[in-house]
Structure formats: structure tokens, C-alpha cells
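All remarks here apply to the structure that follows.
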Amino acid sequence: MSATARDEALELVPGLVERVDASGRYGLVGSLCPDCGASAFPRAGCCPQCQGTPQRRVVGTAGSLYTYTVVRTRAPFGLPEPYAVGYVDLDESGLRVFGLIDPAAVDALAVGQRMEVGLDRLGVDGGGRPCLRPVFRPERMAADTGVGR
Ligand SMILES: [Zn+2]
């Protein structure tokens, strides 16, 4: 994807993902409770464990694919057919997060494989406008699309 195509689309849910370094890696933005250490994604306004006040924190940039499914029915919101969704266990926080998987990886997925967080132009929003969505993608593919290509 070119930078121009990415710039024309807006994040579907702003603030869920942010770039974490100059190499183009992304992280999921959640929260960490300073009182009990509980992490949450998306960001929690109140700690689900102790009712404390969590702080904004990147809770994961990479992890392992816990499970996934490939959806071959008619896709909503302009998503490609087929598309895949799955759960990834994040390295940094231990959270198990559900999300879209890069459609280019649909035929190359395996439970336990390493995944990274990405932000890709994918589908449309409720008004039919192209949008950026957080995705999980195999680490090797993420490296292939990094800076310097
Ligand atoms: Zn807490």
C-alpha cells in the first residue's frame, strides 16, 4: 500500500492503534492499572479488577495466534472475501485480543504462529468511505511491508 492510499482513509476507531517506532511497527492502545497491574484493551476508564484509574498504555505490538477462522460468507463493510478473524495472545500484556487478520494471510495461517499489529486500509465505514482498521498479520509479512521497501 502506498502512503498516499493510506492517507486518504481515516481510522475507523481513532486511538485504538498507534505507531510505536520509526520502523513502522504499530501497537494496540489500551490501559494499565497502576494499582493492581491489570491491563485492558480497548482502554478502560475504570479498572475492571480494582476500580482504580488506569493509565493509557500500548498493550501489545506482537503475539501468538491463539485461534482463527476464515469467513467465506458475504463480507460486511467492504471487507474482502474471504476474510479472517482471530484471537492473538499479546506478548507485552498477556491479553487475548480478537481482531481482523490481514486478508493477504488467509491461506497461510496456523495456530501458534507469530503475529504483529498493523493498521491497513481495509473495507469501508458505515458511510461507505475507505477506512483504516487494525489488523493482525504474520510477522514475516509485516517485515516485508516495512520501511525501505
Ligand atoms: Zn486495578
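Bear in mind these aren't lab numbers, they're just calculated from the coordinates by the rules spelled out. As the structure is a prediction and not an experimental result, all values here were calculated from the model. Quick reminder, even Gly has a Cβ in these numbers, built from the backbone with ideal geometry, and neighbours come from all protein chains shown.
Computed from backbone phi with θ = phi - 60° and the Karplus coefficients 6.51, -1.76 and 1.60, the 3J(HN,Hα) list for segment 23-39 is 7, x, 6, 10, x, 7, 9, x, 8, 10, 7, x, 7, 10, x, 6, 9 Hz; x is used for glycine and proline.
Computed about its Cα centre, the charge dipole of the chain is approximately 160 debye, with only Lys, Arg, Asp and Glu carrying charge at their Cβ.
Hey, how many Å between the Cα centroid of segment 48-79 and the Cα centroid of segment 94-132? What the calculation gives is 9 Å, centre to centre.
Rounded to the nearest 500, the 222 nm mean residue ellipticity of the chain from helices alone is -2000 deg cm²/dmol, with -39,500 (n - 2.57) taken per DSSP H run of at least 4 residues. Which of Arg57, Arg74, Arg114 moves the most in a Gaussian network model of the chain with Cα springs under 10 Å? Answer for the Gaussian network model of the chain: Arg74. GNM remark for the chain: springs join alpha carbons under 10 Å apart, and the peak mean-square fluctuation among Asp102, Asp125, Asp35 falls on Asp35. Cysteine residues of the chain whose C-beta has no other cysteine C-beta under 4.7 angstrom: Cys46, Cys131.
Compare Gly27, Gly127, Gly86 in a GNM of the chain, Cα atoms joined below 10 Å, and give the one with the largest fluctuation. Of the options given, Gly127 has the highest mean-square fluctuation.
For the chain, relative contact order (Cα pairs under 8 Å, six or more residues apart, normalised by length) works out to 22 percent. Between the residues Val59, Gly78, Val29, the greatest Cα displacement towards the positive end of the dipole of segment 3-144, with unit charges on the Cβ of Lys, Arg, Asp and Glu, is found for Gly78.
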